[in-house]
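One structure below.
The values are calculated or read from the model by the stated rules, or taken from the named source; none is laboratory data. Here the structure is a predicted model, which is why all the values come from computation and not from measurement. Because the Cβ atoms are built from the backbone with ideal geometry, glycine has one as well, and the counts that use them run over all protein chains shown.
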């Protein structure tokens, strides 16, 4: 069975998925650097949250890069959308927590100033959130279009479908 060519929207969705995954891996890498080199590991509660961010960003990023659509389009899309939602939770949660900690103490810890690690973290968390949201929207749009195309094919009278098929073979 020949594979149908991809539409530009599907290509944009895949690019958003992969760039979102890389952004999540960057978020995990920045948090790992801060956990080990900037000694956030010793800050109560915040250290554990950094470790959860490292694990969550790494797992969701790697899963978004995995070829899960080999399991089938429907199952693959389900896994990818659920993973993208989890990735958005990781990125948006870290983004929000960082902004809150700039202005008020968060679990007894307060950031001061925007150093490079904070700027990069905000950048990649924002990118991950936007890109993965775009990916989910494109998957939903593709499903909606596929279901409307299938509904249109069912509504087409039988003799029209035979004549269209005959024209293609001629």
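Might you let me know whether region 51-67 holds any residue that is crowded, with 19+ Cβ neighbours inside 10 Å, farther than 27 Å from residue 137 by Cβ, in contact with a helix residue (DSSP H, G or I) (Cβ under 7 Å, 6 or more places away or on another chain) and modelled with pLDDT under 95? No.
Here residue 70 passes the criteria (1) surrounded by 13 or more Cβ atoms within 10 Å (Cβ to Cβ); (2) assigned to a helix (DSSP H, G or I); (3) touching a helix residue (DSSP H, G or I) at 6+ places or on another chain (Cβ under 9 Å); (4) free of Cβ contacts under 8 Å to residues at least 40 places away in the same chain except the one numbered (1). Within region 100-121, track down each residue that is under 18 Å from residue 47 (Cα atoms) and part of a helix (DSSP H, G or I). Within region 100-121, 100, 101, 102, 117, 118, 121 qualify.
To keep it simple, each residue is scored yes or no on (1) assigned to a helix (DSSP H, G or I); (2) over 18 Å from the mean Cα position of the chain (by Cα); (3) under 29 Å from residue 116 (Cβ atoms).
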position: 6; (1), (2), (3): no, yes, no
position: 47; (1), (2), (3): yes, yes, yes
position: 52; (1), (2), (3): yes, no, yes
position: 63; (1), (2), (3): yes, no, yes
position: 98; (1), (2), (3): yes, yes, yes
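Which of the residues spanning region 105-127 are surrounded by 14 or more Cβ atoms within 10 Å (Cβ to Cβ) and under 24 Å from the mean Cα position of the chain (by Cα)? Hits for region 105-127 are 117, 118, 120, 121, 122, 123, 124, 125, 126, 127.
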